[in-house]
Each structure stands twice: as structure tokens, then as C-alpha cells.
Amino acid sequence: MATFPTATLHRWADIPVEELKAGLGRRLITGERMMIAHVYLDKGSVVPWHSHDNEQLTYLLKGALRFFLGSQDAPQEVVVHEGEVLVIPSNLPHKAVAEEDTLDVDIFCPPRTDWLDGSDAYIRES
């Protein structure tokens, strides 16, 4: 008889919000090879410049985020609105500013180890 892995059900409401700094919090669910996060940003909140090896999908459930992508000297600007998805490739430098109160779903492959072990100081800075 075949043996199968076990599925796990999560409820966002059961996961406490991790407050990273004023106006920015998140909830995380991690599988073996993927991670999904709810990211809560108050209008004006900034996710500073950073890059990572993880591929990222950013799907907005509410609000709008202005992304700055690529070179800090001459970045490409993209505003992502409710219902839209931005695909951010591995190692692309980026920054985000909340244009409105925002709920964003981020999906990473592989999971962000810096988010899991707390070494993500870039996002916690004021």
C-alpha cells in the first residue's frame, strides 16, 4: 500500500500578525519548498531596497503598492493595484511603498529563510 505525505490546513485568522515596525506586519505559512505571506501595510509604509534569490509573486487583495525595480539610480516604477500580480524574478533589487492601506499576498520559492530566522533587518528598519 502506498504511503502519502500529510496535508496541513491553516487559517489566516489563527496565525498571529508579526509586527515588523509601525505600519507593517505579516503572517507566514511555509511548506517544504514554498512560502506564502499576508503582508499588511499602512498607507505610506516602506519596504526598503533589497533583493533575494527567491522568486516572488505579489498579489494584492486590497490597496496599491508602488514598486521600484532594478537600479536605485534609475528604477522602473510599477504600481500594483487590487487584483493584480507582480512577478519579481530572483535577485532583482526592489523597494515598495504603500499608496493606500494594503493587504498583499507574497508567495516565495524557495521559502525566505531570513523571514523565518528573523535575520531580515532590512524590513524592520524605520
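A compact table of results
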item	result
Those residues of the stretch 45-72 which are over 29 Å from residue 9 (Cβ atoms), open to solvent by 50 Å² or more (accessible area, probe 1.4 Å) and either touching a Cys at 6+ places or on another chain (Cβ under 6 Å) or of a type in the set (Gly, Ala, Ser) (or both), in sequence order	51, 71
Some residue of the stretch 26-37 being open to solvent by less than 60 Å² (accessible area, probe 1.4 Å) and over 23 Å from residue 8 (Cβ atoms)	no
Yes/no for residue 83 being open to solvent by less than 70 Å² (accessible area, probe 1.4 Å), touching a residue at least 24 places away in the same chain (Cβ under 8 Å) and part of a loop (DSSP other than H, G, I, E, B)	no
Selected residue (criterion: most open to solvent (accessible area, probe 1.4 Å)) from residues of the stretch 102-126 that are closer than 16 Å to residue 52 by Cα and hydrophobic (A, V, I, L, M, F, W, C)	116
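Here is a yes/no grid of residues against (1) at negative phi; (2) in contact with a Phe, Trp or Tyr (Cβ under 6 Å, 6 or more places away or on another chain); (3) not in a strand (DSSP E or B):
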| site | (1), (2), (3) |
| --- | --- |
| 25 | yes, yes, no |
| 29 | yes, no, no |
| 67 | yes, no, no |
| 79 | yes, no, no |
| 90 | yes, no, yes |
| 104 | yes, no, no |
| 108 | yes, no, no |
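The values are calculated or read from the model by the stated rules, or taken from the named source; none is laboratory data. The shown structure was predicted, so the numbers you read here are calculated from the model rather than taken from an experiment. Cβ: placed from backbone, ideal geometry, glycine included. Neighbour counts: every protein chain shown. In case anyone asks, the SASA skips ligands and DNA or RNA and just uses the protein heavy atoms, side chains included. Shrake-Rupley method; radii C 1.70, N 1.55, O 1.52, S 1.80 Å.
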